[in-house]
Amino acid sequence: MAEYLIAIDQGTTSSRSIVFDKQGRIRQIVQKEFSQIFPKPGWVEQDPREIWSSQLETLTEAKSRADVSSRDIAALGIANQRETVIVWEKSTGKPVYNAIVWQCRRTAEYCDRLKANGFDQIIQAKTGLITDAYFSGTKIRWILENIPGTRRKAEKGDLLFGTVDTWIIWNLTGGKVHVTDYSNASRTLLYNIHTLAWDSEILQELNIPRNMLPEVRPSSWMYGRSDRKFLGGEIPIAGIAGDQEAALFGQCCFEPGMVKNTYGTGCFILMNTGTKAVESKKGLLTTIAWGLDGAVEYALEGSVFVAGASIQWLRDGLKIIESASQADGLAESVPDTGGVYVVPAFTGLGAPYWDPYARGTILGLTRGTRREHLIRATLESLAYQSSDVIKAMEADAGVPIKTIQADGGAARSNFILQFQADIINTDVVRPKMIESTALGAAYLAGLGVGFYADKEDIQKNAAVDRVFKPAIPEAKRTELLGGWKEAVKRSRGWAK
Ligand code: ADP
């Protein structure tokens, strides 16, 4: 009897493979970084062959270090960096261009044109997304417009498009399977999240041939099997989700109103809204969380651009801490920030402000301000910014938030999570297992092959490390949030 699952966590800067047991515990983890290519300011690319080879290396190494055979592995699941575009030749598997990474801004001008024509309204209504260079669609179009010969080949059906999940599975099955799941499709700008189909009107506007697009399947599904030449046997590939949706699943946010916040370099906040696709009035994205048992569930998504990165700035820019883990102790050595606010809008502000001209701002300095106050105010800014997004979600969804499930590197900070609970007046839960993304991929794969009977079976694994409970009076909360709102106001429009 197979006792393990293997998860591929194909991230933006590294490929990872993790062997999990049925209880969701890590048996082995192997990680490998790969190259980032910056051909011009604002452009970001990766080599698709290096994505695949680094991923395959971690897979074979994780399997061998875990000392398991392919028969011991019930299924394989994939979580991936989202929106990144790869186009390759169907007959040879050769990419026609580098992978264009989600961060790449090269199609910003084209997006502005779509907006000027009002087509962004159609895009939002059908895909739940704002018209931005971030998403896949305009990047595919860029390849077809700019790489000689590709449009003709695409129209003849000789080229395939995929997000990274699709590319990995196509390679892992020896070129047999061209597939993605609902969550990844919902990030392409081409997929109608209400009718669950590639959208003809958008495809026509962007001039993208339908025959290059993958089949869209549920997030738990028997997509195919790994080719014997890679892992010794044929392992069922049975789970796919975009990294943030996978984390939502890994955190067992199965009920509407449940929220997870990944406190990493930035913060990625997703709220399960159940079978209802909630259209945002506050600049959040509507996205498919996953498709299971013939139905899809939706999520609202918002992100904070600079979160843990501001702690790196304290360390590397200001040099007032030596390591991120030192920040908590220093922040707790003072009773409050002494009235100081730090708004780390280094690259503008995301939801719900959407101000690209906002810049980092420090307010309330006095002769008595010490580094401890600045450090504390910076840690608090992660919670304030997340709170702004979560409040917007609550308003959009009309669903009260039950708890916030925390993960990511900066969720190690007890100070940040306690302040988050205080400021938003909800429990914040840190699970024992903070590799939520990979775990979500493994769970989806496990469901796909019956390794788990249902979601309840998975829920049994959820183990809590610590629950942070709100511990300040309402008047204090109002006062603190009032100061933050004022500070944000003053950071806005600065770079205009
Ligand atoms: P990503 O996946 O976005 O690269 P991670 O989830 O690995 O990021 O988190 C990295 C971030 O976590 C860094 O920005 C770092 O500043 C922050 N971080 C790491 N350890 C701590 C800590 N003990 N306290 C606060 N922040 C931390």
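The values are calculated or read from the model by the stated rules, or taken from the named source; none is laboratory data. Treat the numbers as computed from the prediction; the structure is a model and nothing was measured. Don't worry about glycine lacking a Cβ; one is built from the backbone with ideal geometry, like all the others, and counts go over all protein chains shown. To get the accessible areas, we keep the full protein, side chains included, count just its heavy atoms, and leave off ligands, DNA and RNA. Shrake-Rupley method; radii C 1.70, N 1.55, O 1.52, S 1.80 Å.
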Restricting attention to segment 388-417, which residues are away from the ligand (no atom under 12 Å from the Cβ) and surrounded by fewer than 20 Cβ atoms within 10 Å (Cβ to Cβ)?
LYS391, GLU394, ALA395, GLY398, PRO400, ILE401, LYS402, THR403
Please work out which residue is nearest to ILE100 (Cα to Cα), limiting yourself to segment 124-149 and to residues that are in contact with a Ser or Thr (Cβ under 7 Å, 6 or more places away or on another chain) and of a type in the set (A, V, I, L, M).
ILE143
Are there any pairs with C-beta distances below 8 angstrom linking a residue in segment 156-182 that is in contact (Cβ under 8 Å) with a residue 40 or more places away in the chain and on the phi < 0 side of the Ramachandran plot to a residue that is basic (Lys, Arg) and surrounded by 24 or more Cβ atoms within 10 Å (Cβ to Cβ), with the two at least 6 apart or on different chains, and if so which?
THR163/ARG82; THR163/ARG187
Does VAL19 count as buried (at least 22 other Cβ atoms within 10 Å of the Cβ), more than 16 Å from the ligand (Cβ to nearest atom) and farther than 24 Å from GLY232 by Cα?
no
Of all residues in segment 453-475 being in contact (Cβ under 8 Å) with a residue 40 or more places away in the chain and more than 20 Å from ILE401 (Cα to Cα), the one that is surrounded by the fewest Cβ atoms within 10 Å (Cβ to Cβ):
LYS455
Entirely in segment 182-289, the strands (runs of 3 or more DSSP E) that have 3 or more residues that are open to solvent by less than 30 Å² (accessible area, probe 1.4 Å)
220-225, 236-242, 259-263, 267-274
Taking segment 111-131 on its own, how many of its residues are free of Cβ contacts under 8 Å to residues at least 24 places away in the same chain and either over 23 Å from VAL44 (Cβ atoms) or open to solvent by less than 50 Å² (accessible area, probe 1.4 Å) (or both)?
5
Over segment 96-110, the set of residues of a type in the set (S, T, N, Q) and free of Cβ contacts under 8 Å to residues at least 60 places away in the same chain is THR107
Can you pull out the residues in segment 290-301 that are in a strand (DSSP E or B), of a type outside the set (Phe, Trp, Tyr) and more than 16 Å from the ligand (Cβ to nearest atom)?
GLY291, LEU292, ALA295, VAL296, GLU297, ALA299, LEU300
